[in-house]
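Enquirer: This is the structure, below, for whatever I ask next.
The values are calculated or read from the model by the stated rules, or taken from the named source; none is laboratory data. In this text the structure is predicted, and so the values were computed from the model without any measurement. FYI the Cβ positions are ideal-geometry reconstructions off the backbone, even for glycines, and counts take in every protein chain you see.
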Amino acid sequence: MVFSQPPPDSKSIKWSSMPDECLPRHIGQLNTARMNLTHQVRTLNGVLIRQTLTRTDKNDLVTVTMSGLGRVIAIDCRSSAQRYPHRIGEAVTAALAIARQAVGELQSELKRALLPGSGDWPTAETTAAWPRIDFNAVAFSDDPVGRRRLAQAVDSFNKLQEVQARCRGTVTTRKIGRGAGSVQVHGRDGDIRVEVSRNALRDLGGPRLGEQIVAAIDEAVTAAATSHHRELNQIPVGDGTLGEILRHASEQMTN
């Protein structure tokens with residue numbers, strides 16, 4: 001579910017019935033809006049996947065190339081890095097952060113252009129600040145079906161908050177090649193930190209070391225996303241799970 005703004009305080013939530021004859025019209029409007037949004041997001045993803053951004057750390061030791069969707073494509077250890085083998089990991093981490101910031105700015109710019117109003121969509125950071133909902137404090141009718149559905153919705157929302165909190169605290173680590181260092185991904189899609197062994201550049205050479213760092217980042221990011229999805233699959237929504245719904249939505253947006 002996409003909210004245009006944070007939900008109201010739980011004590012102010014009210015539930016009312018809707019005449020049955022209104023349902024087909026509302027469902028039709030929702031389906032039209034969903035199809036329009038799907039088309040717009042596909043267009044956005046199509047533009048972003050063709051974009052590439054290249055950024056270098058402030059000491060000009062490492063260059064990182066990323067796609068507009070945030071995937072690391074290449075890492076180049078420049079010739080000047082040979083003189084500072086102990087600083088390569090720090091330089092890669094810094095270049096990654098600079099590139100990720102540039103990608104974020106590009107995505108925001110294109111979202112404003114192609115998806116008007118998307119600036120109001122919640123992010124992982126804003127949803128984390130939403131309060132838990134107290135089911136007993138919600139005012140609703142005595143309809144047992146509505147009560148059961150509301151209870152499930154409140155429970156799912158609160159479980160999602162717990163999952164988000166756990167994911168922010170997780171660290172996924174993968175080795176770079178055979179003893180060349182390690183990569184850490186903080187959270188599901190958070191900061192990427194790289195440590196490179198002092199002799200890795202000398203032993204492997206710049207191109208091979210860069211390829212191995214990219215491969216380790218891919219593995220760590222994939223593992224973090226898989227773990228997050230596994231958590232979402234534990235949250236029931238209707239007859240399925242939140243993870244299934246989000247996976248289906250992602251497929252619709254990208255295919």
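Enquirer: Take the conditions under 30 Å from I213 (Cα atoms), at pLDDT below 90 and among the charged types (D, E, K, R) and apply them to R78. Does it pass?
Expert: Yes: the conditions hold for R78.
Enquirer: Give the residue, chosen from R168, R208, that is farther than 16 Å from A91 by Cβ, basic (K, R), under 15 Å from the mean Cα position of the chain (by Cα) and surrounded by fewer than 19 Cβ atoms within 10 Å (Cβ to Cβ).
Expert: R168
Quick grid of which residues meet (1) part of a strand (DSSP E or B); (2) at positive phi; (3) at pLDDT below 95:
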position	(1), (2), (3)
T172	yes, no, yes
V183	yes, no, no
R198	no, no, yes
E211	no, no, no
I217	no, no, no
V221	no, no, yes
A225	no, no, yes
E231	no, no, yes
